[in-house]
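First the structure, in the form of structure tokens, and then the observations on it.
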Amino acid sequence: MRIGLTGGIAAGKSTVAQRWQQTGAVVIEADELAHRALEPGTPTWHEVVREFGRDVLNADKTVNRPKLGEIVFGDESKRLKLNSIVHPAVRQMQADLLAQCAREGRTEFVLVTVPLLYEIGAESEFDCVVTVACSEQTQLARLAAIGLSEEQARARIGAQWPMQKKTDRADFVIWNDGTQRTLSEQADIIWAIIKENCHAKR
């Protein structure tokens, strides 16, 4: 069963993914695939350097992600251009990993975390979609805690669909404005429902 996990920035997707991974799910992180796609020397890396210049590179030729982020989150056309370069590579790697999991039969459940799942029109690729959501105030507080200014945080929030739009489209919603324990309890309940639904279809 292919499960898509999405949600707003700083909503808690990774925490939910880690909890479900502990129950036996294979987890594929789109952000990790994006890092791999931008490793020095890859076709995606070359495209990014051509488009944004060598100023976005560190001394070791790796992409300086904070510097690239400042460029693209300050200019909508540049952000869309970066997405058009990186997303196809990520989706191909994701498809290859899903096919590998199916061939090997290692698990009943593969969880794919995709921050921009709805924005890139990927929801049809999954058996169900779970959205992790929280209030904008909570997002701002969490992003401030990792060093982003309010302007930077709002730019990143604004680059995604509104939280309400994501929750409206989801099969399941986890609301993460409370404690770690509350998040874990919600995650466990929804995971149990997903497993039950999967087994009922057999």
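Just wondering, is there one or more residues in region 54-73 that are closer than 29 Å to D171 by Cα and either touching a residue at least 40 places away in the same chain (Cβ under 8 Å) or in a helix (DSSP H, G or I) (or both)? No, region 54-73 contains no residue that is closer than 29 Å to D171 by Cα and either touching a residue at least 40 places away in the same chain (Cβ under 8 Å) or in a helix (DSSP H, G or I) (or both). Comparison of A153, A141, A133, A159 shows that the only residue that is modelled with pLDDT under 95 and either surrounded by 13 or more Cβ atoms within 10 Å (Cβ to Cβ) or under 17 Å from the mean Cα position of the chain (by Cα) (or both) is A159.
Considering only residues that are in contact with a Phe, Trp or Tyr (Cβ under 9 Å, 6 or more places away or on another chain) and of a type in the set (V, I, T), which ones fall in region 17-36? Break it down into steps so the answer makes sense when it comes.
To start, the set of residues in region 17-36 that are in contact with a Phe, Trp or Tyr (Cβ under 9 Å, 6 or more places away or on another chain) comprises 19-20, 23-27.
Residues satisfying the conditions are T23, V26, V27.
Considering region 120-130, and only residues there that are buried (at least 19 other Cβ atoms within 10 Å of the Cβ) and under 13 Å from the mean Cα position of the chain (by Cα), the residue that is modelled with the lowest pLDDT turns out to be A122.
Screening A144, A99 for residues that are within 21 Å of W175 (Cβ to Cβ) and without any contact (Cβ under 8 Å) to a residue 12 or more places away in the chain leaves exactly one candidate, A144. The residues of region 99-119 that are over 14 Å from the mean Cα position of the chain (by Cα) and either among the basic types (K, R) or at pLDDT 90 or above (or both), listed by number, are A99, Q100, R103, R106, F109, V110. Take T15 and tell me if it is assigned by TED's automatic domain parsing to the domain that holds I189 and not acidic (D, E). For T15, the condition - assigned by TED's automatic domain parsing to the domain that holds I189 and not acidic (D, E) - is met. Identify, please: which residue in region 162-202 is buried (at least 17 other Cβ atoms within 10 Å of the Cβ) and of a type in the set (A, V, I, L, M) and is, among those, nearest to R19 (Cα to Cα)? Taking the candidates together, the pick is A187.
The values are calculated or read from the model by the stated rules, or taken from the named source; none is laboratory data. Worth saying up front: this structure is predicted, and the values here are computed from it rather than measured. Because the Cβ atoms are built from the backbone with ideal geometry, glycine has one as well, and the counts that use them run over all protein chains shown.
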